Amino acid sequence: MKEILPEVEAWREAGEKVVVATVVATRRSAPRPVGTSLAVSESGKMYGSVSGGCVESDVYSNAMEVMQTGQPKLLHYGITDDQAWEVGLPCGGEIDVFVEAVE
Amino acid sequence: MTLVARLRELLESGDRAVLFTVVEGEGLGSKVLVIEGGDTVGEGVPAAALEQFDELVRRGRNGIVQADGAKVFAEWYGPPPRLLVYGAVDTAEALAQAAKLLGWTAIVADARATFLTPERIPSADQLIAKWPEDAIVEVAPDHQTAIVVLTHDDKFDEPALIAALDTEAFYIGALGSRRNQERRRERLLEAGVTEEQLARISGPCGLDIGADTQAETALSILGEILAVRAQRPGGPLREAKQRIHAEVA
């Protein structure tokens, strides 16, 4: 969460709700190191990343849900499964992403 | 004060801390911030996780801690690695610039105050106009500090290297031609430095990437520093057998 703190603070000061998604675990090849975060604001602004762009859109919709419910969630992404149209990581890695509202 | 504001303060102060967050199990979403030698803020994180604070701070790495059936994410806060360059030559500015790009703290020292000016070395966070021994004592290099010595002058380079060897610095590099390295080696041995200590010195420092300009040389040296830090050989990834992304302490 370190690298996104200035933006999170600025958005909060501007009166927006903010949700942060953080890579908390990786297995095998993963695009971003553990601790990397993506911040999403109530108005839809995004800053940072949790992958090379492979799962951001799914994380974004989960972030918007957490924005509403206030209930944190742990998401898991694995290898892309073309048959199931799942969101995944083509690089063959797996990541766990924790999504939470910022107080 | 909000937690975010508090974390921002930590980034500025460089104080060591760990932010614990329960990401699975009882107390989901609970957070506790533990600051080294200071406050503990928040509640709801199992004590078994918090007890690992010392080890987490020492390792300086983010990760999951298992505690009482809960999964707790530990995010580490602490000062960035430091690069100390002894010798206010052109390459020092290029090295300081490259280190700043990595988010590191760049310190440049030289006894010759006329060379050591903010105009010549604008990218350094700190300039120290002292003799090698005193400059290194002031910086107090730890296991998160890299030292590069590049005055090209034995009367500075040798004491700087001897003082550097007396620290926990994870990298010690020296510029200079192969012939100069050999001569320096003899002189350091005469000065009482052991073969084992000499093995810690990367000289000539840098990776073999055909660096020519100051910026290229800086990149070559920083490349070697990163490789040493991650305990990687520094060659092409297509020839590497390990996983691509390193876990650096």
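The values are calculated or read from the model by the stated rules, or taken from the named source; none is laboratory data. All figures in this text were calculated on a predicted structure; none of them were measured in a lab. Ideal geometry is used to build each Cβ from the backbone, glycine not excepted, and the neighbour counts take in all protein chains shown. For accessibility, only protein heavy atoms count, side chains too; no ligands or nucleic acids. Shrake-Rupley method; radii C 1.70, N 1.55, O 1.52, S 1.80 Å.
With a cut-off of 8 Å between alpha carbons and a minimum separation of six or more residues, what is the relative contact order of chain B in percent?
Value for chain B: 13 percent.
Please give the calculated 222 nm ellipticity per residue for chain B, where each DSSP H segment of at least 4 residues contributes -39500 (n - 2.57) and the sum is spread over every residue; nearest 500 deg cm²/dmol?
The per-residue figure over chain B is -10000 deg cm²/dmol.
Rank these by accessible area, largest first, 1.4 Å probe: A:TYR77, A:TYR47.
A:TYR47, A:TYR77
Along each principal axis of its Cα atoms, how long is the range A:2-101 end to end? Whole angstroms, biggest number first, please.
Extents along the principal axes, in whole Å: 42, 25, 19.
Spelling out what I want: for every residue of the range B:206-212, take phi, set θ = phi - 60°, compute 6.51 cos²θ - 1.76 cosθ + 1.60 (Karplus), and round to whole Hz; glycine and proline get x.
x, 8, 7, 10, x, 5, 10
Provide the percentage of antiparallel DSSP beta bridges, counting only those with both residues in the protein assembly as shown; round to the nearest 5.
Around 65 percent of the beta bridges assigned by DSSP in the protein assembly as shown are antiparallel ones.
What is the diffusion coefficient of the range B:18-151 in µm²/s, taking the Kirkwood radius over Cα pairs and the Stokes-Einstein relation at 4 °C with a viscosity of 1.567 mPa s?
Using the Kirkwood radius from Cα pairs, D works out to 76 µm²/s.
Please report, in cubic angstrom per residue, the volume enclosed by the convex hull of the alpha-carbon atoms of the range B:181-249.
Each residue corresponds to 130 Å³ of Cα convex hull volume.
Provide, in order from the shortest bin, the percent of all Cα-Cα pairs of the range B:82-229 in each 10 Å bin, continuing until the bin that contains the maximum pair distance.
12, 47, 35, 5
If you consider only alpha-carbon coordinates, what radius of gyration and Dmax does the range B:1-66 have, in Å?
Expressed in Å, the Cα Rg and Dmax of the range B:1-66 come to 11.6, 33.
For a quick check: with amide H placed at 1.01 Å from N, whose amide H comes under 5 Å from A:VAL97's, ignoring anything fewer than 5 positions away on the same chain?
So A:VAL97 has HN proximity to A:VAL24, A:LEU75, A:HIS76, A:TYR77.
With all protein chains present and a 1.4 Å probe, how do B:THR217, B:THR194 order by accessible area, largest first?
I get B:THR194, B:THR217, largest accessible area first.
Can you give the Rg and Dmax of chain B based on its C-alpha atoms, in angstrom?
Answer for chain B, Rg first and Dmax second: 20.9, 64 Å.
Karplus couplings for the range A:35-46 from phi (6.51 cos²θ - 1.76 cosθ + 1.60, θ = phi - 60°), rounded to Hz, Gly and Pro as x?
With coefficients 6.51, -1.76 and 1.60, one gets x, 6, 10, 10, 9, 10, 9, 3, 7, x, 6, 10 Hz.
Leaving out same-chain residues fewer than 8 places away, which lysines sit with a Cα under 28 Å from that of B:LYS155?
B:LYS130
Give me, ordered by chain and number, the residues 5 or more places off B:TYR171 or on other chains with an amide H under 5 Å from its own placed amide H.
B:ILE147
Can you give the angle from 0 to 90° between the axis of helix A:56-69 and the longest principal axis of chain A, with both taken from C-alpha atoms, to the nearest 10?
Here the helix axis deviates by roughly 40 degrees.
Across bins of 20 angstrom width beginning at 0, how are the C-alpha pair distances of the protein assembly as shown distributed, in whole percent?
Each 20 Å bin holds this share of Cα pairs: 26, 49, 23, 1.
Quick one: which residues, 5+ away or cross-chain, put their amide H under 5 Å from the amide H of B:VAL85? H built at 1.01 Å from N.
Here the answer is B:ILE107, B:VAL108, B:ALA109, B:VAL148, since their amide H atoms fall under 5 Å of that of B:VAL85.
Each residue of the range B:105-120 in order: what ³J(HN,Hα) in whole Hz does its phi give by Karplus 6.51 cos²θ - 1.76 cosθ + 1.60, θ = phi - 60°, with x for Gly and Pro?
For the range B:105-120, the Karplus-derived couplings read 8, 10, 10, 10, 10, 6, 6, 8, 4, 5, 7, 8, 10, x, 5, 7 Hz, x marking Gly and Pro.
What is the calculated FRET efficiency for B:GLU9 to A:HIS76, with r their C-beta to C-beta distance and R₀ = 56 Å, to the nearest 0.05?
Taking R0 as 56 Å, the efficiency between B:GLU9 and A:HIS76 is 0.95.
Just to make sure I understand: if all protein chains stay in place, what is the order of A:CYS54, B:CYS205 by accessible area at 1.4 Å, largest first?
Ranked list, largest accessible area first: A:CYS54, B:CYS205.
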